[in-house]
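Down below is the structure, laid out as structure tokens.
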Amino acid sequence: MSHDSHDHKPKGFVNRWLLTTNHKDIGTLYLIFALAMFIIGGAMAMIIRLELFQPGLQFVEPDFFNQMTTMHALIMVFGAVMPAFVGLANWMIPLMIGAPDMALPRMNNWSFWILPFAFSLLGSTLFMDGGAPAGGWTMYPPLVLQGGHNVAYLVFAVHLMGISSIMGAINVIATIMNMRAPNVGYLNMPLFVWTWLITAFLLIAVMPVLAGAVTMLLTDRYFGTSFFNAAGGGDPVLFQHIFWFFGHPEVYIMILPSFGVVSEIIPTFARKPLFGYVSMVYATAGIAFLSFIVWAHHMFSVGMPLGGELYFMYATMMIAVPTGVKIFNWVATMWKGAMTFETPMLFSLAFVVLFTIGGFSGVMMALAPVDLQYHDTYFIVAHFHYVLVPGAVFAIIAGAYYWLPKWSGHMYSEKLGKIHFWWSTISVNVLFFPQHFLGLAGMPRRIPDYSTQFAEFNMMSSIGGFAFGLAQVFFVYIVIKTVRGGKKAEANAWGDAKGLEWTVPSPAPHHTFEEFGPVDLKKMAHGDVH
């Protein structure tokens, strides 16, 4: 079905990249954009850690520090992690299900090119009078409304990001439902495809909720409404309810595709089928469903009836069950496997261990009585960074190493990859683990100065931060070096990896699967697919 004789790439930069409708090129654009945003957002994190290196105000003004924390979060969530997973989806989903392209290729082009405009709008606020948004990525009123005219730019940028995400999600759903090879059923699909199908439904369900919330902010700021203004009869807590109805599923939008990536890599290097394929699918769907009914665990400290606290506490703790199923299945897949430890496997193993640490601290915060102790401290900063950095970001890096031979046609240097792994894994723990102790000792988040008793752990965390930042510059060097040349990659770069992407040559031809017909199901996915 696949061949490399129809490698008709468009000629010229404009046709190849600006007007492209090819899923691989658009996937590449998403991945490059995400990497650029990762570097910009990471540079902002370095400013934050530099200021916190020792007590006192040394380098930046408190207001600029607040702008950095807000912009760092918005750029990392909406500009780096989400577009990186959309890039992986664009590249891999059509290849994995035997489709020639995404179902709606022109909309695919549009959904990408909206993003640079959205982040240009957001970034331009740094040069305005009054500076960039400084009220935190959660945009809580009334604080966020005190930020001058950056509010309008922030709201419009969020709208554009949401439009891009919804169009991307529609494309993923339409592709998976309509363009699978004729004999590929839902329970034949690789788990990466399954996790993205569920993520796409989450995106369509919650992004309009965020759009509604920020539009109400806009009308409160410019059109005299009082949705969140207590003086006008509104309620600021209402915004928190609406925001977190979006915000908690958003956490899973960033982590479910990670589960899919890791579920492709671990069976390859354990040389065993994925244990419990069907239970993995149901666990993913279970996590997605539960993510809609737990939002107020972010708000225990606003004051809510005891019944509400109990409900949100137990509902939140239930998420540990399907998540535990996944971790059990990954460990069972590795059990008695003929494991080897190439770089994608190392990052996947680190993901399983370190994401579980983030999961455990999440269960701790689900406990309403003790959450009041942790709330708005560095403990929560440590928790969500363990979920998002050695969780989502490590999974993206693992996926990049795993599929880089398929994308570039070259093998990366295993030696450099392993240096990058150990450098990143050690430094990320030096960066974030001490923040648990800072939080338990009472250090508040989002402050540029702190009491001297927190000095040692902050210095340690900053050193870890600088080392982790440098490690990612090294990763960029490895990627560029691999793309420019190196050992030629085989079609099945990992020997006996399962998945249709490994049946086409490396690099994957510009057009694949042009003849729409049945595929060999034995090559489809890991696990006991039916």
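The values are calculated or read from the model by the stated rules, or taken from the named source; none is laboratory data. The shown structure was predicted, so the numbers you read here are calculated from the model rather than taken from an experiment. Neighbour counts run over all protein chains shown; Cβ positions are idealised from the backbone, glycine included. Side chains are part of the model used for accessible areas, which takes the heavy atoms of the whole protein and leaves out ligands, DNA and RNA. Shrake-Rupley method; radii C 1.70, N 1.55, O 1.52, S 1.80 Å.
Is it fair to say GLY359 is closer than 25 Å to VAL278 by Cβ and in contact with a Ser or Thr (Cβ under 7 Å, 6 or more places away or on another chain)?
So GLY359 passes the test.
For the structure I just gave you, tell me whether TYR386 is closer than 24 Å to LEU238 by Cα, part of a helix (DSSP H, G or I) and among the aromatic types (Phe, Trp, Tyr).
no
Can you name the number of the only condition in (1) under 18 Å from GLY358 (Cα atoms); (2) touching a residue at least 60 places away in the same chain (Cβ under 8 Å); (3) open to solvent by 10 Å² or more (accessible area, probe 1.4 Å) that VAL262 fails?
(3)
Only residues that are in contact (Cβ under 8 Å) with a residue 40 or more places away in the chain and open to solvent by 10 Å² or more (accessible area, probe 1.4 Å): list them for the range 169-187, please.
Selection gives ILE170, ALA174, ASN178, MET179, ARG180, PRO182, ASN183, GLY185, LEU187.
I want to confirm something. Restricting to the range 185-208 and keeping residues that are aromatic (Phe, Trp, Tyr) and modelled with pLDDT of 95 or more, which single residue is nearest to MET82 (Cα to Cα)?
Filtering first and then ranking leaves TRP196.
Can you pull out every residue in the range 398-429 that is in a loop (DSSP other than H, G, I, E, B) and either acidic (Asp, Glu) or open to solvent by 20 Å² or more (accessible area, probe 1.4 Å) (or both)?
Passing the criteria: MET411, SER413.
Kindly list the number of the only condition in (1) in a helix (DSSP H, G or I); (2) open to solvent by 20 Å² or more (accessible area, probe 1.4 Å) that fails for ASP449.
Condition (1) is where ASP449 drops out.
Determine, yes or no, whether PHE432 is of a type outside the set (Asp, Glu), open to solvent by 10 Å² or more (accessible area, probe 1.4 Å) and over 17 Å from the mean Cα position of the chain (by Cα).
yes
So, in the range 111-129, exactly how many residues are open to solvent by less than 60 Å² (accessible area, probe 1.4 Å) and not aliphatic (A, V, I, L, M)?
Count: 7.
Which of the residues that make up the range 300-338 are more than 30 Å from LEU191 (Cβ to Cβ) and in a helix (DSSP H, G or I)?
PHE300, SER301, VAL302, LEU306, GLY307, GLY308, GLU309, LEU310, TYR311, MET313
Just checking, which of GLY495, GLY499, GLY485 is on the phi > 0 side of the Ramachandran plot, of a type outside the set (A, V, I, L, M), open to solvent by less than 30 Å² (accessible area, probe 1.4 Å) and more than 27 Å from the chain's Cα centre (by Cα)?
Only one candidate passes the filter, namely GLY485.
In this structure, is PRO518 surrounded by fewer than 20 Cβ atoms within 10 Å (Cβ to Cβ) and modelled with pLDDT of 90 or more?
Taking the combined requirement at face value, the residue does not satisfy it.
Cβ-Cβ distance below 7 Å, separation of 6 or more or different chains: which pairs start in the range 327-344 with a residue that is touching a residue at least 40 places away in the same chain (Cβ under 8 Å) and end on one that is open to solvent by 60 Å² or more (accessible area, probe 1.4 Å) and assigned to a helix (DSSP H, G or I)?
As it stands, the answer is THR343/LYS418, since those pairs meet every condition given.
Tell me, yes or no, whether the range 5-21 has at least one residue that is within 26 Å of the chain's Cα centre (by Cα), touching a residue at least 12 places away in the same chain (Cβ under 8 Å) and open to solvent by less than 20 Å² (accessible area, probe 1.4 Å).
Yes, that holds for at least one residue.
Out of the residues in the range 188-238 that are outside any helix (DSSP H, G or I) and in contact (Cβ under 8 Å) with a residue 12 or more places away in the chain, which is most open to solvent (accessible area, probe 1.4 Å)?
Restricting to residues being outside any helix (DSSP H, G or I) and in contact (Cβ under 8 Å) with a residue 12 or more places away in the chain, the top hit is PHE227.
Can you pull out every residue in the range 452-468 that is touching a residue at least 60 places away in the same chain (Cβ under 8 Å), open to solvent by less than 10 Å² (accessible area, probe 1.4 Å) and under 22 Å from ALA350 (Cα atoms)?
Of everything in the range 452-468, those that are touching a residue at least 60 places away in the same chain (Cβ under 8 Å), open to solvent by less than 10 Å² (accessible area, probe 1.4 Å) and under 22 Å from ALA350 (Cα atoms) turn out to be SER461, SER462, GLY465.
What are the residues in the range 469-496 that are at pLDDT 90 or above, part of a loop (DSSP other than H, G, I, E, B) and touching a Ser or Thr at 6+ places or on another chain (Cβ under 8 Å), if any?
Residues satisfying the conditions are ALA489, GLU490, ALA491, ASN492, ALA493, TRP494.
So, of the residues in the range 138-156 that are within 25 Å of PHE33 (Cβ to Cβ) and open to solvent by 40 Å² or more (accessible area, probe 1.4 Å), which turns out to be farthest from the chain's Cα centre (by Cα)?
TYR153
Go over the candidates GLY324, GLY308, GLY286 one by one and state the one that is free of Cβ contacts under 8 Å to residues at least 40 places away in the same chain, open to solvent by less than 40 Å² (accessible area, probe 1.4 Å) and under 23 Å from ALA382 (Cβ atoms).
GLY324
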